[in-house]
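Novice: First the structure, which I've put down as structure tokens, then a few questions once you've had a look.
The values are calculated or read from the model by the stated rules, or taken from the named source; none is laboratory data. Nothing here was measured: the structure is a model prediction, and the numbers come from that model. Every residue, glycine as well, gets a Cβ built from its backbone with ideal geometry; the counts of neighbours run over all protein chains shown. Areas reflect the complete protein model, heavy atoms only, side chains present, ligands, DNA and RNA absent. Shrake-Rupley method; radii C 1.70, N 1.55, O 1.52, S 1.80 Å.
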Amino acid sequence: MAKLEDIVRKQKPGATFVISAQMLQMSPREFDALAQVWDDEGGPGFNVAAVPFRVVVEDEFFISRVTVVRTTAEV
């Protein structure tokens, strides 16, 4: 997922930033599955820093945006 890596690499360690389904050109359903893993295990070069923002699609809640903190780990 090159686009995600590009977004994360642009941030300085310790920076707080947002990653959204729209930024990655994903549906909320696809992004939700990825964001749940990030929430549990951390992402490539970042950790989730706040409660994920959810949207309702066809009567189901999906994560559509997460606020994260850049770590010093390599992406």
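Novice: How big is the dipole moment of the range 1-70 about its Cα centre under a simple scheme where the beta carbon of each Lys and Arg is +1, that of each Asp and Glu is -1, and everything else is neutral? Debye, nearest 20, please.
Specialist: Rounded to the nearest 20 debye, it is 520 debye.
Novice: Separate question: In whole percent, and with a 1.4 Å probe on the protein chains, what portion of the accessible area of the chain is carbon and sulfur?
Specialist: Working: 2360 of 4770 Å².
Answer for the chain: carbon and sulfur cover 49 percent of the accessible area.
Novice: Next question. Kindly sort 3, 12 by accessible area of their heavy atoms, largest first, with the probe set to 1.4 Å.
Specialist: Result of the area sort, largest leading: 12, 3.
Novice: Assuming 1.002 mPa s and 20 °C, estimate D for the chain with Stokes-Einstein, Rh taken as the Kirkwood radius over Cα pairs, in µm²/s.
Specialist: Calculated translational D: 174 µm²/s.
Novice: Let me ask something else. Using Cα springs under 10 Å in a Gaussian network model of the chain, which residue among 13, 28, 52 shows the largest mean-square fluctuation?
Specialist: Comparing 13, 28, 52 in the GNM, the peak value goes to 13.
Novice: Under a 1.4 Å probe, what is the accessible area of the chain per residue, stated in Å²? Each step should come with its number before you reach the end.
Specialist: Working: 4770 Å² over 75 residues.
So the chain comes to 64 Å² accessible per residue, rounded to a whole number.
Novice: Let me cross-check residue 9: its accessible surface, 1.4 Å probe, with only protein heavy atoms counted, in Å² to the nearest 10?
Specialist: My reading of the accessible area for residue 9 is about 130 Å².
Novice: I'd like the orientation of helix 28-41 relative to the chain: the angle between its Cα long axis and the longest Cα principal axis, in ° from 0 to 90, rounded to 10.
Specialist: Approximately 50 degrees, to the nearest ten.
Novice: Got a sec? Which residues in the range 40-54 would a label at residue 3 touch, if it sits 7 Å along Cα→Cβ and we count backbone N under 17 Å?
Specialist: Counting only backbone N, you get 44.
Novice: Normalising by the residue count of the chain, find the relative contact order in percent from Cα pairs under 8 Å and 6+ residues apart.
Specialist: 41 percent
Novice: State the answer as a single residue: which of 15, 47, 61 lies farthest towards the positive end of the charge dipole of the chain, with beta carbon charges of +1 for Lys and Arg and -1 for Asp and Glu, about the Cα centre.
Specialist: The Cα lying farthest towards the positive end belongs to 15.
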